[in-house]
Amino acid sequence: MYNLLFFITLIAVGYLAGTFAERYHYRSIHHREKMFINLPAVTMKTVDYPDDKIKSAELVYGSAVISIDYFKRFTASLRNIFGGTVKSYESLVDRARREALLRMKEMAGDSKIIVNVRIETSTIGRNANKKSVGCLEAIAYGTALTMDQ
Amino acid sequence: MIITNIETVPGKNIVEHFGLVSGSTIRAKHIGRDIMASLKNLVGGELKGYTQLLQESRQQALDRMVDQARQLGANAIVNVRFSTSSVAQGAAELYAYGTAVRIE
């Protein structure tokens, strides 16, 4: 009985705090994405600028580790039974990737463009396992080009 | 040392290739951070301790790669890639590799 109560409390705490944290994080992501709207990050390797206009090239990278809350982990484990889209994990990877991209752009400083952007995700520890921490890391990296005015 | 992840350094000519250089580091998180992270795992959100740890280790992997390139006499590294793998429970390997070159 007490076990069940404990479990329900955990789920409730996870749901409330997790939803709040996610909403807060998304608001901050939207805000910063607007700030960096003039700094495009592209996956192409070359851009149309003439070579002699490019002043410097520099590797920039950013990463973020995001963990999932208890409620979402519970719903995801239910999904494991029936199959289908695991919505709760979609927002998790989305947040991690966008945060990593934003941190990469923060590192780029006054560059004009970031070319050859790669995004990678990796899990640290076993994910979605109660015994260890369910979290994933997203890293974004690219080459920031600074131009002569 | 100029580091890029495209095949060339824009605006410069590559005069000499030195081949592959790489740097790696394996880090484990300490138990205090682990406990904090598992608490944070209830409510979700960013694990700042882990982010910082990985950032530091990635910087170290890059530094090792740069050291290796410098020993070869290179002044730039092109086509750099990162990769991460978890080798053991609670430890992550961060690996950076690229091609050392000399530019004009």
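Scanning segment A:5-54 for residues that are of a type in the set (Phe, Trp, Tyr) and more than 11 Å from chain B (Cβ to nearest Cβ) yields a count of 4. Within segment B:7-18, the set of residues being among the hydrophobic types (A, V, I, L, M, F, W, C) and at pLDDT 90 or above comprises B:14, B:15, B:18. Against the test of being touching a residue at least 60 places away in the same chain (Cβ under 8 Å), aromatic (Phe, Trp, Tyr) and crowded, with 16+ Cβ neighbours inside 10 Å, the options A:15, A:89, A:70, A:26 yield a single qualifying residue, A:70. Evaluate the following for residue A:126: is it surrounded by fewer than 18 Cβ atoms within 10 Å (Cβ to Cβ), within 8 Å of chain B (Cβ to nearest Cβ) and modelled with pLDDT of 90 or more? So residue A:126 does not fit the description; no. Using the structure shown, decide if residue B:55 is part of a helix (DSSP H, G or I), of a type in the set (S, T, N, Q), under 23 Å from residue A:56 (Cα atoms) and in contact with a strand residue (DSSP E or B) (Cβ under 9 Å, 6 or more places away or on another chain). For residue B:55, the condition - part of a helix (DSSP H, G or I), of a type in the set (S, T, N, Q), under 23 Å from residue A:56 (Cα atoms) and in contact with a strand residue (DSSP E or B) (Cβ under 9 Å, 6 or more places away or on another chain) - is not met.
Per the conditions (1) at pLDDT 85 or above; (2) more than 7 Å from chain A (Cβ to nearest Cβ), the sole criterion not satisfied by residue B:36 is (1). Hey, among the residues in segment B:49-104 that are within 19 Å of residue A:104 (Cβ to Cβ) and basic (Lys, Arg), which one's surrounded by the most Cβ atoms within 10 Å (Cβ to Cβ)? Within segment B:49-104, the match that is surrounded by the most Cβ atoms within 10 Å (Cβ to Cβ) is B:58. The residues listed here are B:66, B:87, B:21; of these, the one that is at pLDDT 85 or above and part of a strand (DSSP E or B) is B:21. I'd like the residue in segment B:1-45 that is surrounded by fewer than 15 Cβ atoms within 10 Å (Cβ to Cβ) and over 23 Å from the mean Cα position of the chain (by Cα) and, out of all such residues, is nearest to residue A:52 (Cα to Cα). Filtering segment B:1-45 for residues that are surrounded by fewer than 15 Cβ atoms within 10 Å (Cβ to Cβ) and over 23 Å from the mean Cα position of the chain (by Cα), the one nearest to residue A:52 (Cα to Cα) comes out as B:13.
The values are calculated or read from the model by the stated rules, or taken from the named source; none is laboratory data. What you see is a predicted model, and the numbers here were worked out from it, not measured in a lab. All Cβ positions, glycine included, derive from the backbone under ideal geometry; neighbour counts span all protein chains shown.
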